[in-house]
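The values are calculated or read from the model by the stated rules, or taken from the named source; none is laboratory data. Note that the structure is predicted; figures quoted are calculated from it, not measured. Reconstructed Cβ throughout: ideal geometry from the backbone, glycine too, with neighbour counts over all protein chains shown.
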Amino acid sequence: MKKRLRIFVALALLSASVLWAGTEVYFSGIDAIEKKLIRASDNSKRTIEGAIFDLTNQNLADALVRANGRKVKVRFVVDSRQARGKYSQVHFLLSSGTALKLARGRSRGIMHHKFAIFDDALLATGSYNWTKGAEAYNYENIIFTDDPAMIRSYKQEFNRLWRTH
């Protein structure tokens, strides 16, 4: 019976638009997080939504633009101050038709989230900024999970941010 259940789960995962199993943790500098985020973006069929502090990585921005070109609904809330940075990809994303909202934290704070939800089926979250520095120089992490309860919680936070900015 357990073998049949494993086969069923494997087939269900293969039919999902984003292929992931359970929860996986990765660390920058050793686990090629950028490639994993690109794979999740490239495999998305319906939606990519998230909130991010800093997005300067051209490869990650290109993956979002490709998704947008495939008619995937791409929406991100980004930090308003970081969006004005010299290497920010925000203007590139906006020019491609990607839906973005600029946000600040409360009072003098910053919008410091770092998460993305792919097809409401996969969550990526952690300290990982979407920058080349995160991949090459910093000690950062990301957790990918298909846990429905976690995805729901982050989706609620995304919707709250999207509504209020």
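Residues checked against (1) out of contact with any Phe, Trp or Tyr (no Cβ under 6 Å at 6 or more places or on another chain); (2) within 23 Å of R39 (Cα to Cα); (3) among the aliphatic types (A, V, I, L, M):
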position	(1), (2), (3)
K71	yes, yes, no
D79	no, no, no
S88	yes, yes, no
L93	yes, yes, yes
T98	yes, yes, no
Just one of (1) surrounded by 21 or more Cβ atoms within 10 Å (Cβ to Cβ); (2) within 21 Å of A40 (Cβ to Cβ) trips up M111, so point out which. (2)
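Residue-by-condition table, conditions (1) modelled with pLDDT under 95; (2) surrounded by 16 or more Cβ atoms within 10 Å (Cβ to Cβ); (3) in contact with a helix residue (DSSP H, G or I) (Cβ under 7 Å, 6 or more places away or on another chain); (4) over 21 Å from S153 (Cα atoms):
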site: V25; (1), (2), (3), (4): no, no, no, no
site: G29; (1), (2), (3), (4): yes, no, no, yes
site: G50; (1), (2), (3), (4): no, yes, yes, no
site: A63; (1), (2), (3), (4): no, yes, yes, yes
site: R66; (1), (2), (3), (4): no, yes, yes, yes
site: V74; (1), (2), (3), (4): no, yes, yes, no
site: G105; (1), (2), (3), (4): yes, no, no, no
Pair list, Cβ < 7 Å and 6+ apart or interchain, from region 131-150 residues that are in contact (Cβ under 8 Å) with a residue 12 or more places away in the chain to residues that are surrounded by 15 or more Cβ atoms within 10 Å (Cβ to Cβ) and among the aromatic types (F, W, Y): A134/Y128; E140/Y128; N141/Y26; N141/Y128; I142/Y26; I142/Y128; F144/W20; D146/W20
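Residues A149, A116, A134: which one is in a helix (DSSP H, G or I) and surrounded by 14 or more Cβ atoms within 10 Å (Cβ to Cβ)? Quick ask: steps written out before the conclusion?
Values: A149 fails: surrounded by 14 or more Cβ atoms within 10 Å (Cβ to Cβ); A116 fails: in a helix (DSSP H, G or I).
Testing whether each residue is in a helix (DSSP H, G or I) and surrounded by 14 or more Cβ atoms within 10 Å (Cβ to Cβ) leaves just A134.
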Within region 114-132, does at least one residue satisfy the condition of being at pLDDT 95 or above, closer than 21 Å to R160 by Cα and among the aromatic types (F, W, Y)? yes
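Only one of these is touching a strand residue (DSSP E or B) at 6+ places or on another chain (Cβ under 6 Å) and part of a loop (DSSP other than H, G, I, E, B): S127, S107. Name it.
Values: S107 fails: touching a strand residue (DSSP E or B) at 6+ places or on another chain (Cβ under 6 Å).
That would be S127, the only listed residue that is touching a strand residue (DSSP E or B) at 6+ places or on another chain (Cβ under 6 Å) and part of a loop (DSSP other than H, G, I, E, B).
So, K132, is that one under 17 Å from the mean Cα position of the chain (by Cα) and either aromatic (F, W, Y) or closer than 18 Å to S44 by Cβ (or both) or not? Spell out the reasoning first.
Values: under 17 Å from the mean Cα position of the chain (by Cα): yes; either aromatic (F, W, Y) or closer than 18 Å to S44 by Cβ (or both): no.
When the stated conditions are applied, K132 does not pass them.
With the structure loaded, tell me whether L94 is of a type in the set (A, V, I, L, M) and assigned to a helix (DSSP H, G or I) or whether it fails that test. Walk me through it before giving the result.
Values: of a type in the set (A, V, I, L, M): yes; assigned to a helix (DSSP H, G or I): yes.
Yes.
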Name every residue in region 82-108 that is small (G, A, S) and closer than 17 Å to D62 by Cα, in order of residue number. A83, S88, S95, S96, G97, A99
Run A103 past the list (1) in contact with a Phe, Trp or Tyr (Cβ under 9 Å, 6 or more places away or on another chain); (2) at negative phi and report the number of the one that doesn't hold. (1)
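Take region 25-83 and flag every residue that is polar (S, T, N, Q) and outside any helix (DSSP H, G or I). Full working, then the answer.
Let us first name the residues in region 25-83 that are polar (S, T, N, Q), namely 28, 41, 43-44, 47, 56-59, 68, 80, 82.
Hits for region 25-83 are S28, S44, T47, T56, N57.
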